[in-house]
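Peer 1: Dropping the structure in here first, questions after.
The values are calculated or read from the model by the stated rules, or taken from the named source; none is laboratory data. What you see is a predicted model; the values in this text were computed from it and never measured. Cβ placement follows ideal geometry from the backbone for every residue including glycine, while neighbour counts extend to all protein chains displayed. Note: areas computed on protein heavy atoms with side chains; ligands, DNA, RNA excluded. Shrake-Rupley method; radii C 1.70, N 1.55, O 1.52, S 1.80 Å.
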Amino acid sequence: MTDKKKLSKKQILSFVSGMTALIVGFGILSFFGIRKIYREVHKHKLMKENMVVEIAELGIKAPVLEGTEQSVLSEGAGHFKDTGDFGKGNFCIAAHSSVIYKEYFNSLKNVEKGMEILLYDKEKNTAAYKVSDFFIVDPSETWVLDDFGDDRITLITCTDDGSQRLVVVGLLETKEG
């Protein structure tokens, strides 16, 4: 005669609860992992098809799409229509600095004068800029988008509390292409 142990209802319930929690946890982690992979693949696709702005020292590398509507800024950085062109005039770009949206400009608040800003066009020609200034303005101060008679890049994002805008200006150093 073999002596088999019989599991109590409490042990069975604990086992089923543990397995359910494990399966649900795995499902949630899988969802977020797949979502992150999709976003990275999508980001690289956008960077192949559009201009790209990069500040290597801050870990910023973002596709630059045309326009600054919410639908554009939810995908990447946006070029203000009717401002500059690649390496010409005041090329103005906006991007979110928020954990809710694409956080392309989150580290822009750590910018320093003299940092290099690279802009790549669709053919991957390069315009190199050096940060000459950075400052805070109110959202209504659109003069930062004006043409100043030189070749510059202007990067714009929200401050941490979203009430103002951080503006970073880089003057053109070199242009290839």
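Peer 1: Taking segment 96-144, which residues are more than 15 Å from the chain's Cα centre (by Cα) and basic (K, R)?
Peer 2: If the condition is that a residue be more than 15 Å from the chain's Cα centre (by Cα) and basic (K, R), then K113, K122, K124, K130 are the ones that fit.
Peer 1: Right, next: Could you give every pair whose Cβ atoms fall below 7 Å, whose first residue belongs to segment 131-144 and is within 18 Å of K113 (Cα to Cα) and without any contact (Cβ under 8 Å) to a residue 40 or more places away in the chain, and whose second residue is hydroxyl-bearing (S, T, Y) and surrounded by 11 or more Cβ atoms within 10 Å (Cβ to Cβ), counting only separations of at least 6 or pairs across chains?
Peer 2: If the second residue must be hydroxyl-bearing (S, T, Y) and surrounded by 11 or more Cβ atoms within 10 Å (Cβ to Cβ), the pairs left are I136/T159.
Peer 1: Now a separate question. Being farther than 23 Å from N50 by Cβ, open to solvent by less than 40 Å² (accessible area, probe 1.4 Å) and of a type outside the set (D, E, K, R) narrows it down to one of T159, T142, T154, T126, so name that one.
Peer 2: Numbers: T142 fails: open to solvent by less than 40 Å² (accessible area, probe 1.4 Å); T154 fails: farther than 23 Å from N50 by Cβ; T126 fails: farther than 23 Å from N50 by Cβ.
After applying the criteria, what remains is T159.
Peer 1: Would you check which residues across segment 2-48 are among the hydroxyl-bearing types (S, T, Y) and closer than 30 Å to T126 by Cα and list them?
Peer 2: If the condition is that a residue be among the hydroxyl-bearing types (S, T, Y) and closer than 30 Å to T126 by Cα, then Y38 is the only one that fits.
Peer 1: Scan segment 50-80 for residues that are in contact with a Pro (Cβ under 8 Å, 6 or more places away or on another chain) and farther than 27 Å from V131 by Cβ and jot them down.
Peer 2: Within segment 50-80, the first condition is being in contact with a Pro (Cβ under 8 Å, 6 or more places away or on another chain), and the residues that meet it are 50-52, 75-77.
Of everything in segment 50-80, nothing turns out to be in contact with a Pro (Cβ under 8 Å, 6 or more places away or on another chain) and farther than 27 Å from V131 by Cβ.
Residues checked against (1) touching a strand residue (DSSP E or B) at 6+ places or on another chain (Cβ under 8 Å); (2) modelled with pLDDT of 90 or more; (3) exposed (fewer than 10 other Cβ atoms within 10 Å of the Cβ):
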residue	(1), (2), (3)
M1	no, no, yes
L13	no, no, no
V16	no, no, no
A21	no, no, no
K36	no, no, no
H42	no, no, no
V52	yes, yes, no
I55	yes, yes, no
I60	yes, yes, no
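Peer 1: Write out, first by first residue and then by second, each pair whose Cβ atoms fall under 6 Å of each other, whose residues are 6+ apart or on separate chains, and whose first residue, in segment 163-177, is at pLDDT below 95 while the second is among the small types (G, A, S) and not in a strand (DSSP E or B).
Peer 2: Pairs found: K175/G87.
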